[in-house]
Amino acid sequence: MLRSLTLLHDRIADPQAYPFTVPAISSIETLEFSRSGITFFIGENGSGKSTLLEAIAHHYGFGREGGTRNFANSSTASNSSIDSLTRALRLAFDIRSGRGFFLRAESFFNTATHIDDLDRDDPEDTFRAPPLIPSYGGQSLHNYSHGESFFTLLEHKFRGDGLFLLDEPEAALSAKRQLAALSLIHETVRSHKDAQFIISTHSPILLAMPKAQILSFDGGQIRPIAYEETPSFQITRRLLADRASFMNQLLRTEPTLFDPEN
């Protein structure tokens, strides 16, 4: 289990280069991770949450666009912008087993294609590894709808001990499927003491997981906050409490609509 993350500032060659220009990233000293086994990264677009998650995945050895430590998708060169951050991180583990999976919603299509490519027959390969697709539900992930393929991956790869990283998994999951994902995550953590999930999300449904650690990247620094403090919860609560009034304000573009203090 990942205990903590430290940014080694003396390893940063250029503090004025991305991603160290992102305030929440440059402000990191040491982050302590919850022993609950579930941590959420939240924040506005551009706040650095996905950037840090990708750097953790790269440091751990996962494929840049997702997958396990055995993935080396050649199309991932475009994600090299996080290399400088990866080199500046120190991760402290109880156990670093190498097991787990990285689900990156943005590049999931490429990951599914890479799995298919690895399973294509090569008559010249005498020592070909066993096929992968049986461990992903028995058929290509491209044979499912986007949401079904996400959930199939969760059911088959996000179980047991290991480090499980998910970047905005709600992108393809309905509200009902998000609840099912919560149940799966809870069962995995409950049944496996070395299972750990770190999830970047905007979803108030996923964030509702009891006892989970929530780290906010807003405001230029990373800090723990309660579920009820999250913008996702506050905005959703206001919408559901009085939809008509909320939408009237929104469509009049009231500047204070998204201010939690109003």
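Spacing of the modelled spin labels on ASP10 and GLN221, each 7 Å from Cα toward Cβ, amounts to 2.4 nm. A Förster radius of 41 Å, combined with the Cβ-Cβ distance separating ALA92 from GLU228, puts the computed FRET efficiency at roughly 0.85.
Between HIS156 and ALA17, the modelled labels are 3.9 nm apart [label points 7 Å from Cα along Cα→Cβ].
Applying the criteria of a DSSP loop state and at most 14 other Cβ atoms within 10 Å to the GluC sites (Glu not before Pro) of the stretch 2-51 yields GLU29, GLU44. Per-residue extension of 0.36 nm, minus the Cα-Cα distance of SER174 and LEU250, leaves a gain of 25.0 nm for this segment.
For MET247, the solvent-accessible surface with a 1.4 Å probe is about 60 Å², rounded to the nearest 10.
The values are calculated or read from the model by the stated rules, or taken from the named source; none is laboratory data. Values in this document were obtained by computation on a predicted structure and should not be read as measured data. A quick note on method: Cβ atoms are made from the backbone with ideal geometry, for glycine too, and the neighbour counts reach across all protein chains shown. Note: accessible area is taken over every heavy atom of the protein model, side chains too, but ligands, DNA and RNA are not part of it. Shrake-Rupley method; radii C 1.70, N 1.55, O 1.52, S 1.80 Å.
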